[in-house]
1. What does the convex hull of the Cα atoms of chain B come to per residue, in Å³, rounded to a whole number?
2. By how many degrees, 0 to 90 and rounded to 10, does the Cα axis of helix A:218-227 deviate from the longest principal axis of chain A?
3. So which helices of chain B fit the span-like rule, where a helix is a whole DSSP H run, its Cα atoms reach 24 Å or more along the axis, and its mean Kyte-Doolittle is at least -1.0?
4. Treating segment A:116-196 as a set of equal point scatterers at the Cα positions, no solvent, please give the Debye-formula log₁₀ I(q)/I(0) at q = 0.18, 0.19, 0.24, 0.26 Å⁻¹.
5. Residue by residue through A:170-176, how many Cβ atoms from other chains fall within 10 Å of the Cβ on average?
6. For each pair in B:LYS181/B:LYS266; B:LYS148/B:LYS172; A:LYS35/B:LYS306; A:LYS9/B:LYS282; A:LYS92/A:LYS113, compute the distance between the two Cα atoms and list the pairs where it is over 29 Å.
7. Inside 10 Å of the C-beta atoms of B:130-140, what's the mean count of C-beta atoms belonging to other chains?
8. Roughly what % of Cα-Cα distances in segment A:80-227 sit above 24 Å, to the whole percent?
Amino acid sequence: MGEQIIILKFDDVLSIELNQKIQRYAQAIKEKKIKGIKNLITAMNTLSIVYDPRCICEQRLKELLLKISIKSHERNESGYPVIHIPITFDEKYAPDLLYISEQTGLSKEAIIKVIISKTYYVYMIGFIAGIPYMGNLDRRLIVPRRSSPRVRVPKGSLAIANQMINIYTIESPGGWHLIGWTPMNVFNAKRDPPCLISAGTYVKYEPISVQEAETWNETRQREWDAEWPL
Amino acid sequence: MAFVTCLKAGLLTTVQDLGRQQYQYYGISVSGAMDRLSFRIANLLVGNPENFAAIEVAMMGPLLQFHQEGVIAITGADITPKINAINIPMWKAISIHDGDRLSFGRLENGCYAYIAFAGGVQVPEVMGSKSTFIRGHYGGQFGRALRKGDHIQIGDPLLHLNKVSGRSIPGKSIPSYQESKEIRFVWGPHDHYFTDEAKETFCSVSYKISNQSDRMGYRLSGKALSHKNNAQILSDYIAPGAIQVPGNGQPIVLMADCQMSGGYTKIGMVIGVDIPVFAQKKPGDRLRFIPVSIEAAQKEWISQEKWLSILAYNNHI
């Protein structure tokens, strides 16, 4: 893409295994410390390399990249950190649960049960403020995006569309279906790194009551962190 | 530490630097100056490193009052800048005095102008940058555009003011925006998603910048580009300069505040040296796209950077 970015495209599929391979490949490139590489950005099935054409030409960089071998699996799934996120599924914060229920034929309770029974893999962090793209959603819950996006989606909304589940990290427009809300701050511009969740990690959702969500504070967050250490 | 008061805000006046390059991995928009070349020149003229925070002005300028002696330089779009109601030259380091007022008049050409202050604008850094990102409410002056009544802090100049005052860049080196109606690009990564006819159309007809254009992206209108099959891909990395074409076939060129991922095909990418030229186009302007090779684009980039490093060298002596 352009004269300063190389995009390596892997198979055209959404697969956890493939994405983990891309994460490991990015790590291997980082370790080589190739002069001229300014930035490495992983996405669902691509790895983008931003480089300085004053230090290295496209051809030479491609040659070096092809020489890098990816180390085989070092850690299995249980070796990756799992981040536990409190979610309230109260109607007030889940305006689209009814629609998902109508579309899938599952009751609201059944949908929540399906959502919380799984650990989700974080494929990438993207959009505008560290939005984690997590998958894969249970097949029974797959519904396309809303035909008309909402103008305002509240910060902290848990949302689904197609095979993906995400959390809106700042208030923004959005076309995903809102099924819950977290009081936990998963994105904080003043923190470094700003995102609590990073690509290649796992996330699990823990149901909490609406009262607990609305009275969430720093003390409760510290208790939560102690309960679910990373 | 000096300060400047904002007496009138203008259309969209924001604090910017060169943005948050190193946080793209975290899905953080790069932000920063729309026309990075003019921005960098403005800083270098006043004796700053090229990344110091400065003020970006969009089409309609603010009214600012200075409260101490200093040196400023104005580059980018020509919005008829004036000190105490008298026109001043652009692309030149100019001395200002306590009580002076900087105002703007008619937009003569371009879209974004830059005001750099010797010493730079002082605001807290957020994720390594002072750039304002309005949608995220962070960076710059309280995460928002400047407002009437704001006090903008200016740092201490790095070089003696006498040394930088009066500096200018040669006329032939001043970027000209109104003349260049041709924007060069490199094909890909998804040009093979388009029909041959669409690719030919893209390089032969002119496109108009639509009114729905802002710091996130410029929407273009012109002959629609057809995809062979579909316009959707798995969500992928995108960057300022990428030319995205959604299902309706009308291209959108992503700009400084763009999101970091997108699920639409990208027919090409505007080359580095032409992104500033493109950024200076405003709604209603027409332009054409010319394909070039990666090698040609790199050559242009390297020669631009060489020229800037010579300019920067003057600040080290």
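No value in this document is a laboratory result; all are computed from the given coordinates. Because the structure is a prediction, the values reported are computed rather than measured. So basically every Cβ, Gly included, is an ideal-geometry build from the backbone, and we count neighbours across all protein chains shown.
1. With only Cα atoms used, chain B gives 123 Å³ per residue.
2. Tilt of helix A:218-227: around 70 degrees.
3. B:294-313
4. -0.74, -0.82, -1.26, -1.42
5. Partner-chain Cβ atoms within 10 Å, mean over residues of A:170-176: 2.
6. Beyond 29 Å: B:LYS148/B:LYS172; A:LYS9/B:LYS282.
7. 3
8. Counting pairs separated by more than 24 Å, the tail of P(r) holds 26 percent.
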